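Heads up: the structure comes next, in structure tokens.
The values are calculated or read from the model by the stated rules, or taken from the named source; none is laboratory data. Here the structure is a predicted model, which is why all the values come from computation and not from measurement. Using ideal geometry, Cβ is built from the backbone for each residue, glycine included, and neighbour counts are taken over all protein chains shown.
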Amino acid sequence: MQREADVCIWHRGLIARWWAEFLHGGSEVDYLRRWIDRYGQPVLDAGCGAGRLLVPYLRAGLDVDGSDVSADMLAHCAEQARRDGFEPRLYEQPLHALDLPRRYRSICVCGVFGLGVSRAQDREALRRLLHHLEPGGAVLLNHYVSWLDAPLWQYWQPERRARLPEPMPEPTEARLTSDGSALRLRSRVLEFDPNGPSVVREVLTESLRDGAVEREERSQVRENLYFPNEIALLLEQTGFRNVVVHTDHPASGFAPAGNVFTIVAER
């Protein structure tokens, strides 16, 4: 089975801790819940990470499982769930190798489609998601488009791509963590492929104690860039039906309003 070593992600180590410490809740929780209430349970949070959606859904009494490619993210998810008295079923699997023992009425794919894999693996991921749905169930796919990221879009121009990789930005202010240490991160674009299109970014994450860096990690993530109509077409070609793109998602902690779309696709 393919695991995190087979994909280009940075969602491990200090980055996973950053997610667990600072990224909780968000407008996606309530927005996707409206579709879960329509299509029903059980629910799979595919790409659950540290439990940003999964833990609130457990608190709300939903029958929800989680899967993710990162063992570190799943460990943080399990820890946060245990603090609330829950022991969710969590599976260390990428979307394109999803092979779970049950089927679902609703599958949430929030902000993870296209991360760390090839486009062929993205297509396989959609086939796996379809297979894991009960008849009449639906995939709820949130995607954060990059068209408002002006610094990224300059790399469509050949003369701009010639300047890659970008220099690493100067250090930012660190954020205090629950154990009294601090974390800070910064990232840069390493590669941009206009034919993909795709982008490879590097992140530098530092752990500090009393203002001094005690540990640092560098890692990369590759992201396939998609527009809404592309993903909708892929879903239809995979065998999903009643594929609808929704653009009414409110602003989130990850993107402003208008930069997030949700595709609801039924089996």
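Number of residues in the stretch 22-47 that are surrounded by 19 or more Cβ atoms within 10 Å (Cβ to Cβ) and not hydrophobic (A, V, I, L, M, F, W, C): the value is 6.
In the set (1) assigned by TED's automatic domain parsing to the domain that holds VAL69; (2) of a type in the set (A, V, I, L, M, F, W, C); (3) under 17 Å from ARG119 (Cα atoms), the condition left unmet by PHE240 is number (3). Among residues of the stretch 218-231 that are in a helix (DSSP H, G or I), those with a Cβ under 8 angstrom from a residue that is surrounded by fewer than 18 Cβ atoms within 10 Å (Cβ to Cβ), sequence gap 6+ or separate chain, pair up as PRO228/VAL145; PRO228/VAL245; PRO228/THR247; ASN229/VAL245. With respect to ALA125, is the statement that it is touching a residue at least 60 places away in the same chain (Cβ under 8 Å) and assigned by TED's automatic domain parsing to the domain that holds LEU234 true? It is false that ALA125 is touching a residue at least 60 places away in the same chain (Cβ under 8 Å) and assigned by TED's automatic domain parsing to the domain that holds LEU234. Of the residues in the stretch 179-186, none is closer than 17 Å to ILE9 by Cβ and of a type in the set (Ser, Thr, Tyr). I'd like to check something: does the stretch 99-114 contain any residue that is charged (D, E, K, R), closer than 20 Å to GLU28 by Cβ and touching a strand residue (DSSP E or B) at 6+ places or on another chain (Cβ under 8 Å)? Yes, the stretch 99-114 has at least one match. The requirement of being within 22 Å of ARG128 (Cβ to Cβ), in the same structural domain as TRP35 (by TED's automatic domain parsing) and surrounded by 15 or more Cβ atoms within 10 Å (Cβ to Cβ) is satisfied by VAL245.
When LEU133, LEU176 are checked against the criterion of being of a type in the set (A, V, I, L, M, F, W, C), in contact (Cβ under 8 Å) with a residue 12 or more places away in the chain and either closer than 19 Å to HIS96 by Cβ or touching a strand residue (DSSP E or B) at 6+ places or on another chain (Cβ under 8 Å) (or both), a single residue qualifies: LEU133. Scanning the stretch 55-62 finds one or more residues that are modelled with pLDDT of 95 or more and among the β-branched types (Val, Ile, Thr). Considering the stretch 27-82, the residues that are in contact (Cβ under 8 Å) with a residue 40 or more places away in the chain and β-branched (Val, Ile, Thr) include one that is farthest from ALA265 (Cα to Cα), namely VAL69. Checking each residue in the stretch 205-254 for being closer than 25 Å to GLY26 by Cβ and β-branched (Val, Ile, Thr) picks out THR205, VAL221, ILE231, VAL243, VAL244, VAL245, THR247. Scanning the stretch 33-50 for residues that are over 23 Å from MET73 (Cβ atoms) and either β-branched (Val, Ile, Thr) or part of a helix (DSSP H, G or I) (or both) yields ARG34, TRP35, ASP37, ARG38, TYR39.
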